[in-house]
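Notes to accompany the following structure.
Every number here is computed from the coordinates shown, using simple stated rules; none is lab data. These figures come from a predicted structure and were not determined experimentally. Methodologically, a virtual Cβ is constructed for each residue, glycine included, from the backbone with ideal geometry; neighbour enumeration extends over all protein chains shown.
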Amino acid sequence: VAFVAFLQVEAARNNEFKRSIDQIAFDTIALTHEYQAEEGKWNSKQYNNSTMIAIIDDYQPRYQQLIDRANTLDTPERYKAAKDYLIKSVEAEKQSNERFRDYLVTGDRGEYERSVNLFSQALQYSASYDAAIKEAG
């Protein structure tokens, strides 16, 4: 009986974690889309560099909030790799935006390239998250 109760508690813990991390992942996707729409306005010359810099500054704490939410999750062992990939993805995207901001401030093309590379890395971590969450069940 105790073993069955343990399994039920563990299943409930897994379900709660999965619900919570899924919500963070969905919130991350929404934030990425929202931010990219803003960057699109810069690309189409609706925003100047100063406006885009201010937008990046406004978004950075929102990325950090997602990281903080993920870090506070009570994570079952089987989901630890998935959580780590999600955090790495959000961190890489946040750093990408920071490098893009540096590019806007300095005009240094190297900062732009670092931004692009970090965003690509964020996408890779996101794919790894998807695979790890699927593998964990």
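Using the Cβ of Asn117 as centre and a radius below 15 Å, the other residues enclosed give a net charge of -2, where K and R count +1 and D and E count -1. Here Lys134 is the anchor, and the aspartates and glutamates within straight C-alpha reach of less than 12 Å, apart from those fewer than 8 places off in the same chain, are Asp22.
A simple packing score, the average count of other Cβ atoms within 10 Å per residue, orders the peptides 88-100, 9-21, 56-68, 114-126 as 88-100, 114-126, 56-68, 9-21, with the highest score first.
Explain nothing, just the number: dipole magnitude of the chain about its Cα centre with +1 on each Lys and Arg Cβ and -1 on each Asp and Glu Cβ, in debye rounded to the nearest 20.
Working: 17 positive and 22 negative charges, 36 e Å.
The dipole magnitude comes to about 180 debye.
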